[in-house]
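See below for the structure under consideration.
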Amino acid sequence: MTPEEELKALNRTIRQFESVYKSTKDPYQRARVTEELKKLKTYRDKLQSFHEFDPAAFEEPAMVDEWEGLSYLKTILERIGKKSKSRKESYDDSFGDRELTYLFHYLNFFEEDFLPILSETKLKLDFKHSLERDSFYHRFENLRRLFEEVNEDSSTVDLYSGQKHEEDMRKRSFKKKRNVIVEADKFLRSVARFAGVLVTDIEAGGLVCLNADDTLHFDRIEGRRFFEGKKVKEALMELKAFAREVIEFLNVPQIESRE
């Protein structure tokens with residue numbers, strides 16, 4: 001990555017954090033975002049002091065595109081927007097935290113459109129990679145369970161408003177939210193690596209994926225799916241791109257992700 005590309009990426013990340021800061025109601029989330037912004041801006045100042053940049057190349061557009069680099073999230077929210085209000089997605093307002101709400105929608109999309117193509121009938125792999133593929137179902141269910149716990153905490157923490165245990169409850173809720181984000185990051189990094197291995201093998205003419213050129217179809221019971229009519233190898237490329245987008249959106253420091 002060139003210094004110019006790095007600076008543009010930094011500016012994009014800073015804008016995303018600033019957007020999260022404006023939207024979140026959680027004081028601990030705001031504190032974390034404030035700290036992250038301080039670190040990012042300090043690093044940006046150092047980068048700018050070591051390199052000469054053309055200011056014209058980094059002028060802020062009149063209207064900042066908050067969906068820059070978030071094409072899947074944009075698609076997901078557009079899909080949700082078309083649904084009837086009577087079928088509004090749960091948790092939309094429960095978290096009081098846009099980062100978690102968006103992650104929830106990302107995972108819904110993964111469950112509805114990516115998990116089905118990871119099934120044995122849609123994706124035929126050699127024995128070793130079949131075992132790894134199957135492990136994602138169990139790990140995803142654990143992630144869902146963590147989300148349920150966070151949702152329960154978010155719905156009850158306000159009941160302690162003004163009481164002596166309020167701060168302890170909010171701290172516990174914040175820790176659970178951070179844990180969900182870190183675990184989601186770990187899960188999606190595994191998914192991105194797995195999909196990357198398959199795509200690389202397919203491009204090299206390998207034998208890990210046995211039906212790379214098959215076209216995906218879903219019956220009436222399965223319902224309309226995002227990957228209807230696409231080839232298996234195309235779906236795997238999108239799986240990798242999707243996982244990378246969510247990873248970049250979460251922006252979890254790797255030292256934290258490994259803890």
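The values are calculated or read from the model by the stated rules, or taken from the named source; none is laboratory data. Keep in mind that what you see is a predicted model, and the values were worked out from it rather than measured. Because the Cβ atoms are built from the backbone with ideal geometry, glycine has one as well, and the counts that use them run over all protein chains shown.
Structure summary
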| read-out | value |
| --- | --- |
| Filtered residues of segment 212-248 (kept if modelled with pLDDT of 90 or more and either of a type in the set (Val, Ile, Thr) or in contact with a Phe, Trp or Tyr (Cβ under 7 Å, 6 or more places away or on another chain) (or both)) | THR215, LEU216, GLU228, VAL232, ALA235, LEU239, PHE242, GLU245, VAL246, ILE247 |
| Cβ-Cβ under 6 Å pairs, at least 6 apart or on other chains, segment 213-233 side free of Cβ contacts under 8 Å to residues at least 60 places away in the same chain and under 16 Å from VAL199 (Cα atoms), far side part of a loop (DSSP other than H, G, I, E, B) and of a type in the set (A, V, I, L, M, F, W, C) | LYS230/LEU216; LYS233/ALA212 |
| Qualifying residues in segment 182-209 (those that are part of a helix (DSSP H, G or I) and in contact with an Asp or Glu (Cβ under 7 Å, 6 or more places away or on another chain)) - the one nearest to VAL232 (Cα to Cα) | PHE194 |
| Residue among LEU73, LEU47 that is modelled with pLDDT of 80 or more and not basic (Lys, Arg) | LEU73 |
| Segment 116-161 - residue that is exposed (fewer than 13 other Cβ atoms within 10 Å of the Cβ) and aliphatic (A, V, I, L, M) and, of those, modelled with the highest pLDDT | LEU131 |
| Qualifying residue in segment 227-240 (condition: within 28 Å of LEU40 (Cα to Cα) and either among the basic types (Lys, Arg) or buried (at least 19 other Cβ atoms within 10 Å of the Cβ) (or both)) | yes |
| Hey, ALA212 within 17 Å of GLU120 (Cα to Cα), assigned to a helix (DSSP H, G or I) and in the same structural domain as PHE114 (by TED's automatic domain parsing) or not | no |
